[in-house]
1. Accessible surface of Lys120 in the full protein assembly, 1.4 angstrom probe, to the nearest 10 Å²?
2. List, in the order given, every pair from Lys120/Lys266; Lys75/Lys105; Lys312/Lys401 whose Cα-Cα distance in the structure shown is over 18 Å.
3. Largest first and to the nearest Å, give the Cα extent of region 86-165 along each principal axis.
4. Based solely on its DSSP helices, what 222 nm [θ] is calculated for the chain when runs of n ≥ 4 H residues each add -39,500 (n - 2.57) and the sum is averaged over all residues, nearest 500 deg cm²/dmol?
5. Nearest 10 degrees is fine. How inclined is helix 264-277 to the longest principal axis of the chain, computing both from alpha carbons?
6. Give me the accessible area per residue for region 287-341, probe 1.4 Å, as a whole number in Å².
7. Per residue, how big is the convex hull around the C-alpha atoms of region 60-122? Give it to me in cubic angstrom, could you?
8. Set the Förster distance to 45 Å, then compute FRET efficiency between Arg240 and Ile195 from the Cβ-Cβ distance, nearest 0.05.
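The values are calculated or read from the model by the stated rules, or taken from the named source; none is laboratory data. Values in this document were obtained by computation on a predicted structure and should not be read as measured data. Cβ: placed from backbone, ideal geometry, glycine included. Neighbour counts: every protein chain shown. Quick note on the areas: whole protein, heavy atoms, side chains included, nothing else; ligands and nucleic acids left out. Shrake-Rupley method; radii C 1.70, N 1.55, O 1.52, S 1.80 Å.
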Amino acid sequence: MRIAMIGTGYVGLVSGACLADFGHWIICVDKEESKIAALKRGEMPIFEPGLEELVERNVHENRLDFTTDLSSAVKNAEVIFIAVGTPSRRGDGYADLSYLFGAAKEIAGAIKGYTVVVTKSTVPVGTGDEVEKIIRDVNPKAEFAIVSNPEFLREGAAINDFKRPDRIVIGASDSRSREVMTEVYRPLYLNASPILFTERRTAELIKYAANAFLATKITFINEIADLCEKVGADVQQVARGIGLDNRIGSKFLHAGPGYGGSCFPKDTAALIQTAQEAGAPIKIVETVVAVNDRRKRSMADKIITALGGSVKGKTIGVLGLTFKPNTDDLRDAPSLVIIPALKNAGAIVRAHDPQAMVEATKLLPGIEMSHNPYEAAKGADALVIITEWDAYRALDLDRLKKELKVPIVVDLRNIYRPEEMAANGFRYTSIGRAPAGI
Ligand SMILES: NC(=O)c1ccc[n+]([C@@H]2O[C@H](COP(=O)([O-])OP(=O)(O)OC[C@H]3O[C@@H](n4cnc5c(N)ncnc54)[C@H](O)[C@@H]3O)[C@@H](O)[C@H]2O)c1
């Protein structure tokens, strides 16, 4: 099939490359000229494991191309996916749909013949109706259907998630567009990935409900972790003890510094707005958002306490800046709250991240970047682990201790064991676990 992907970001590029790998012919469109130029040179604009090889193979086999020219890309397409950003609107938490509506207007003027326009961006309930109206107003004669097909991939595991999804959700009201979408995803259907057909509004809401539920699960275990610290219990064992119950499940039960990233914060905020506007407020999600915001800020206090109550003039080495490992995405990362709070308290911060240091220097001015974890620790009064990159899981503890001025480690991801750290002479603080020996 001939498919146009509008928006070549994390979702658009991964989806486009994976659909090309299924054998479809894909043209990825973006307005950012430098991004398209880089892709044409074979350079990836984002870090995502396996993406470069996937793109290279499909470009080489002439199934994947890139352009800034939306009109020419969509006029030959049978299916047009919209995968542009829907960030939080400044100030009120509503999803900013200006990129989406802008794309819809451009698409409207260019489509030829029956075309299925698919919203892959995460959008509030009812947005499909508005996109339909925009296209109808601009081009009353156009023959098209609007479908909602929310994306559930996770950065860092995006290719596998796209190719082996737990489910594919398709919100479409007519049989013709459903048939087209079945054809798009036929390779996955053959692999037994369930396709759930719903009405459009239901599909739109499924995405928000899923993210809000996951954010709630994380926040729940984070609060249990706080309780564990007070009563001398171990949150990892509590998580295992409840996660083995199939009704609960073990995923998203890792206590940490609070969720961040490009989806949960903005999607929970948008769901709250939708629900309030509809007169059915979702109090549990409102609480989750408030608790999570507070948690990120409280992590700086935890670090300050571990350093004896003051960080004024002290040097703190930080490992990991991205909101999770295996991505270069810094959007709403806990590091963006924790590090400025440490700086405000008078600390000198030196950081390392395997992928995001260039971007981080723009977002975290005044932070020194290190070439490796040991350099970040050199002469520091403490080392703080904010993101659990694999590269930090097996550090040479002897060397680390020698590099640090004071052997304090604050591990906000619980990647080390308290006994192991104590045995190696560290003063170790983690999340929801008693220090060794208590
Ligand atoms: N990142 C994720 O992990 C993830 C997962 C699931 C769903 N989503 C959703 O997918 C959507 C896209 O997210 P993302 O992280 O890929 O965003 P992104 O910011 O990485 O990419 C969006 C791209 O769209 C481009 N763009 C904007 N307007 C355009 C237009 N009119 N024509 C062409 N290109 C245009 C931008 O230049 C940008 O490159 C969002 O709604 C997001 O909530 C994201």
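1. Per-residue accessible area (Lys120): approximately 0 Å².
2. Going by Cα-Cα distance, Lys312/Lys401 fall outside the 18 Å limit.
3. Its Cα atoms span 42, 36, 18 Å along the three principal axes.
4. Value at 222 nm, helices only: -13500 deg cm²/dmol.
5. On a 0 to 90 degree scale, this one is about 60.
6. 36
7. So the per-residue hull volume is 105 Å³.
8. Plugging the Cβ-Cβ distance into 1/(1 + (r/R0)^6) gives 0.85.
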